[in-house]
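The values are calculated or read from the model by the stated rules, or taken from the named source; none is laboratory data. Remember, it's a predicted structure, so these values are computed and weren't measured experimentally. Cβ placement follows ideal geometry from the backbone for every residue including glycine, while neighbour counts extend to all protein chains displayed. Accessible surface areas use protein heavy atoms only, side chains included; no ligands, DNA or RNA. Shrake-Rupley method; radii C 1.70, N 1.55, O 1.52, S 1.80 Å.
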Amino acid sequence: MSKTGLIIQREYLTRVRKKSFIIMSILGPVLFAMLMVVPIWLMTRDGGESRTIAVVDENAYFAGKLKNTGSIVFDFRENDIALARQQLEERMFYGVLHLPLMDFNKPEGIRLYADRNPSMDVMMGIERSLGKVIEDFRIEEAGIDREILKKLNANISVQTINISKGEEKESSTGVATAVGYVASLLIYFFILFYGVQIMRGVIEEKSNRIVEVIISSVRPFQLMLGKIIGIGAVGLTQFLIWAVFTVIIYSGAIAILGINNLDTDQIQQMGQMTSTTSAGETEQMVQEVFKAIGTINIPLILFSFLFYFLGAYLLYGSLFAAIGSAADTDSDAQQFQLPVTIPLIISIVVLGAVLKDPDGSLAFWMSIIPLFSPVVMMMRIPFGVPVWQLMLSMGLLVGGFIFTTWMAGRIYRIGVLMHGAKVNYKILAKWLFMKN
Amino acid sequence: MNILVTKDLSKNYGDFLALDSVSLSIPEQSIFGLLGPNGAGKTTLIRIINQIIFADRGEVLFKGEKLSQKHISGIGYLPEERGLYKKMKVGEQLMYLGQLKGLSRKETNERIRYWFKRFDMTGWWEKKVEDLSKGMQQKVQFITTVLHDPKLIILDEPFSGFDPINANLIRDEIFELRRNGASVIFSTHRMETVEELCDHIALINKSKKILDGPKHEIKDAHKSHSFIIEYKGELEGTSDFFEVLHEAPGAFQGITKMEVKTSPQVRSTDLLKFFIDRVEIISFQERIPSMSEIFIRKVQGETNHE
C-alpha cells in the first residue's frame, strides 16, 4: 500500500472504531427518525382522542348546526351557565362554551371556560365551527344563493412551467426550496464538523510530538492529504450509516405505531388543522407535491451535491489543516478558525436573499466565488441554473481547492515543526513563501 | 567507507543562517557524536539528513549516493521531541510506523515480535500507549526507531527522559546494533555520553562546524602536555624541559602531588626518567582533557574571538 494510503487507513480506522463514532451512528438516526415520526404520531394520536365541550347557548340557535370536529364533541346543555361551570369543576368535560345572547352581525361575549389553558388545536376548532354557523346565517340573511356563491369562489393554483432547453417542465417552488435548503445545510454542517476534526487531528499529532517521526517517513503534504481524505471518508461513512438507519428506523417505527396507512380521514384532519381545504383538495395537494418532486432533476442535483460537497470539504479541510499546524492547542487555533468559518456563515446568511431572487446578481456572484459557491449554488440548482454558470462555478471550485491545498501544504510543512511559537498572520505569510 | 557525507551544507531560515557550509563524514559502524550548544544547528542538520527539510546549498551523500526518498528506509530517527499516538495500541502503532518506513505487513509483524521478545514485552500488543508507564513508552519509542533495521540511526538526546535502567538497556542495544553493521549519530550536549560511547565527534557552534574527527585524535590535539605525578621524597633540582603548574607537598602520608607542563617535543618517558632518578613514584599520569573541557574551551574560545 502506498504511504498516503496507509495514512488514510489509519485516520479512518482509528476514528471509525471510536466509541463516540459508534454512539453517534446509532443515536443520529434515532434522533432523525424521532424528528420525523413524533409529529405524525402526535397528530394521529390527538385525532383519536375527542374532547367534550359543554355548550350553553342562550340564543337557542346553534344546536344541530354546530358541527363536531375530529377532536371536539359539542354537548348542548341546559341554559344554565352556573350549573355547567359547577360540572366543569367536577371534571365532567374539557370546557364550557358560553354563547350569550348576541347579534349575529356583531358576535361578542363568547367565552370558553376551562380548568386549564386549552390547546391551539381546540381553540381553532371551536372558532372555525362557530364561524361557519355564523357565516351560514349571514349568507341566508343577505339572501345569497349558495350555488352562486360556490361559483364565485375562486380557487387558483398557478402551475410553474420551466421552459429552459425548449422542454416544458412543471416545477414547484416549494419543493425546490426544500431541496436547496437541505443540501446547503448538509454541506455547511459537514464542513464545520469534519473541518474541526481535521484541525484537532493535526494539533493532536503536534502536541503528541509524533509528527516529526512521521514526516521523517513521509512528506508533510502526504500526511496532510491522508488526514483530510481519511477524515472525509469517516464523514461519508457516518452519513451513509445515518441514511440507511434512518430509513429503517423510520419505516419500522411507522409500522409499529400503525400510522403507515393514513386513511383519507386522517389526512383530512391534518389538512384541517392548517387550512379549511376539503379532502379532495388535500389529496390533490399531496399529488402535486409528488409530481413536483418528480419534475426536479434528481440526477443533476445528486451529482452537483456530491461535487460541491467534496469540493467544499477539500477546500475548507485543507484550510483547517493549516490552522491546526500553526497552533499548539485548540485554544491557539481559535483565532484563526474564525476567518475560515466566516465565509461559511455568510453563505448561510445570504440563503434567504438568494431564495428571493435565485437568478439575481448576488446569487450569481456568491455561487461563482469558491468560498461561498458550494452552499449558495446548492440553493440555486433546484431552481435551474444556466449550464455555463454551473461549469464556471465548478471549475473555479476545483481551482479553489487546488489553491487552498497548495497554500495549506506550504504552511503545514513549516507549522508542524514549530512548537511554542507565537504565530500571527505575518508569520503565516512568511511560511507560505519560505523555501523548503 | 562513509555511511553519510555532507558537503558544504547551508540552510537559511529567513535572514537567519542556521547552517553554514557544514561538511561532515560519518564512517560506517561508528558512533558519531554531534555536539554543540543549544541552537547551534544540530537539529537543522539532523532534519536535513532525515529529509524533513532541505538544504539551500550543498549536498548529502548516503553510502555515496545522493540522498533521496528511497533512503528513508535506511535511516531511523529518534527526535528529541518525541511521542506516540496515545490512543493507539502498541502493536498497531508499530505496524503503522514500520510500514510507513517501507516494510511489508509481514516483515513489520516479524520484526515487532523479535523486539517484543528482546525487550521482554510479549503481551503488549493490545495495550494502549496511554496505559503504559513512561519507561515502557520509551521502549516502544526506541523500537519505532530501529524497527526497519536502519543502516543509520539518528538519536537526538536519546537519554533525556530515560530512566537509568532503560538508558542502560538502550546503550547495550546501540552497541549491539553497531556490531550488526549500523552507524549511529548521537546529538547531545551530555558529555558523559560522548566520553563513554562515541568514537567520532563533530562540534557545531553558531551554525558552523568548528571541530571534527576521531575522538582520540581530538583529545590528542587538545592535550596540554601536562602530567600529574605523585611521589614520595624530596625533589631536588629543576629542569628546563618542564614547568611546575601546581604543587601540593606532603598532603597525605608524605606524598606530594605535582602537576607539570612540558612542551610537545618532550617525550613522557624522558619526563618519567627525570623523576625516577630523584624520587619514589607513586603514580604518573598524563592529563587528557575531557570532552567537556574541549567543548567548553572551543565554544568559549569562539565566543571570545568576536
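Filtering A:213, A:196, A:218, A:133 for residues that are modelled with pLDDT of 85 or more, more than 27 Å from residue A:313 (Cα to Cα) and in the same structural domain as residue A:409 (by TED's automatic domain parsing) leaves a single hit, A:213.
Residue pairs whose Cβ atoms lie under 9 Å apart, separated by 6 or more positions or on different chains, with the first residue in segment A:1-17 and facing another protein chain (nearest Cβ under 9 Å) and the second in a helix (DSSP H, G or I) and among the aromatic types (Phe, Trp, Tyr), are A:6/B:96; A:7/B:96; A:9/B:96; A:10/B:96.
Of the residues A:61, A:94, the single one that is closer than 30 Å to residue A:254 by Cβ, at pLDDT 80 or above and of a type in the set (Phe, Trp, Tyr) is A:94.
Just one of the listed residues (B:279, B:260) is over 37 Å from the mean Cα position of the chain (by Cα) and at pLDDT 85 or above, and it is B:279. For segment A:403-419, indicate whether the set of residues that are away from chain B (no Cβ under 14 Å), surrounded by fewer than 17 Cβ atoms within 10 Å (Cβ to Cβ) and either among the basic types (Lys, Arg) or more than 17 Å from residue A:224 (Cα to Cα) (or both) is non-empty. Checked against the condition, which is being away from chain B (no Cβ under 14 Å), surrounded by fewer than 17 Cβ atoms within 10 Å (Cβ to Cβ) and either among the basic types (Lys, Arg) or more than 17 Å from residue A:224 (Cα to Cα) (or both), segment A:403-419 yields no hits at all. I'm trying to understand the selection: among the residues of segment B:1-31, which are away from chain A (no Cβ under 14 Å), open to solvent by less than 10 Å² (accessible area, probe 1.4 Å) and closer than 19 Å to residue B:67 by Cα? Result: B:3, B:4, B:6, B:9, B:22, B:24, B:26. Cβ-Cβ under 8 Å, sequence separation 6+ or interchain: first residue in segment B:107-127 and under 14 Å from residue B:145 (Cα atoms), partner part of a helix (DSSP H, G or I) and of a type in the set (S, T, N, Q). Which pairs? Within 8 Å, the pairs are B:108/B:99. Would you be able to say whether some residue in segment A:290-301 is of a type in the set (S, T, N, Q) and at pLDDT below 85? Yes, some residue in segment A:290-301 is of a type in the set (S, T, N, Q) and at pLDDT below 85. A single member of B:100, B:78 is within 10 Å of chain A (Cβ to nearest Cβ) and in contact with a strand residue (DSSP E or B) (Cβ under 6 Å, 6 or more places away or on another chain), and it is B:78.
The set of residues in segment B:32-43 being in contact (Cβ under 8 Å) with a residue 24 or more places away in the chain and either surrounded by fewer than 18 Cβ atoms within 10 Å (Cβ to Cβ) or within 13 Å of residue B:205 (Cβ to Cβ) (or both) consists of B:34, B:35, B:36, B:37, B:38, B:40, B:41, B:42. Among the residues of segment B:55-75, the one identified as facing another protein chain (nearest Cβ under 9 Å) and part of a loop (DSSP other than H, G, I, E, B) is B:56. Considering A:234, A:244, A:218, A:213, the condition of being surrounded by fewer than 23 Cβ atoms within 10 Å (Cβ to Cβ) and at the interface with another protein chain (Cβ under 10 Å from one of its Cβ atoms) is satisfied by A:218 alone.
Scanning segment A:82-121 for residues that are open to solvent by 90 Å² or more (accessible area, probe 1.4 Å) and assigned to a strand (DSSP E or B) gives a single hit, A:111.
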